[in-house]
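None of the figures in this text is laboratory data; all of them are computed from the coordinates on show. Keep in mind the model is a prediction, meaning the values are calculated, not measured. Methodologically, a virtual Cβ is constructed for each residue, glycine included, from the backbone with ideal geometry; neighbour enumeration extends over all protein chains shown.
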Amino acid sequence: MSEFRVMRYSEEKLRDPIAIVGFPSVGLVGSIVSSYLTRDLKLPVVAGVSSADLPPYTLIQNGTAYPPIRIYAGAVPKPKRKRKPKAESAPASETSAERTALPEGGDAPKTSEEEEGKSVEGAAEKTVEAKPKRVKARDLVVVTSEIAPKPEQTYDLTMCILDTLEQMGVREIVCIDGIPRVDSSQEGEMLGTATSENAIKKLEETGVPVMKEGLVRGVTGIMLYEGTFSKKDIICILCPANPQLPDPRAAATALTPLSKIVPNLNIDPTPLNNEANDIDNRVRAQQQAQQEIGTQNIYG
């Protein structure tokens, strides 16, 4: 078997990077999520993985040819802060003397005790407005692929990816994978698993139930048991998906827990949901056409 070759296109200096890994699986969930993130965040390709044993495909992106397994990296854009409305200024005709002068027959000046009480009340009002908690910025690394490796290639490829991510400074990995949805009429429950106490804590903070028993295959499965052995922080999010078709709607559900794990990650799932609606419409149209053909064959 040929060895895997890592092609480095650029040496990025990354700040405490966290990686997201997505390979084709049930419903193509992993590939859809990872590819969508690279497009939405406009991350550049920093490396690619190739081998003589992989299918002879290339991906053309922005006029450049890349191998089917690629690594993107870059900064996550900070969320835009909402500007506070400007306070209304006093009318120009009103002078400072008019604002401070006591009109004839007006109320008596406030005592020092009243002024002190007012200042204390104002201070209390200010303390109520809690400042948003600052989140430490982290760069993002995304590993994505249009092909699934053969079983005999999976271990060597996974170790190659883990070594490359470690060289890039990655200490935390999130794997996105799909699991078959039992009932096509229901969404199903998202599950997760992790390799360390720190990773399990972060997974629990997302609200995704922790899987107690089960089987995880492919690149994700090998990353999990290798991460447990080497004490790496690896989180796996498993999304119920359609096992027969690409499932962008299932992929969109993974964006919510991801936004709670990756600092400042705020991705709009609308395009994925729209794509899922298009797929549903095409499937219904095809099913209707097949029913009409069947009816014509019976009664024609």
task = Starting from one equal scatterer on each C-alpha and no solvent at all, send me the Debye-based log10 I(q)/I(0) for region 143-300 at q = 0.08, 0.09, 0.12, 0.18 Å⁻¹, two decimals.
result = -0.31, -0.38, -0.62, -1.20
message = Expected output is a single nm value to one decimal: the length gained when fully extending between Arg217 and Arg8, i.e. 0.36 nm times separation in residues minus the C-alpha distance. What is it?
response = 72.5 nm
remark   = Those GluC sites (Glu not before Pro) from region 136-188 that are DSSP loop and have at most 15 other Cβ neighbours within 10 Å turn out to be Glu187
remark   = So for region 184-270, using the alpha carbon gyration tensor with a ≥ b ≥ c as root eigenvalues (a/c under 1.5 gives rounded; past that, a/b versus b/c decides prolate or oblate), I'd call it oblate
remark   = The set of residues whose placed amide H lies less than 5 Å from the amide H of Ala73, leaving out same-chain residues fewer than 5 positions away, is Val46, Val142
Cleavage-rule hits (trypsin sites (Lys or Arg not before Pro)) in region 172-240: DSSP loop, at most 15 neighbouring Cβ within 10 angstrom = Lys212, Arg217, Lys231
inquiry  = For a quick check: with amide H placed at 1.01 Å from N, whose amide H comes under 5 Å from Ile179's, ignoring anything fewer than 5 positions away on the same chain?
reply    = Cys239, Ala241
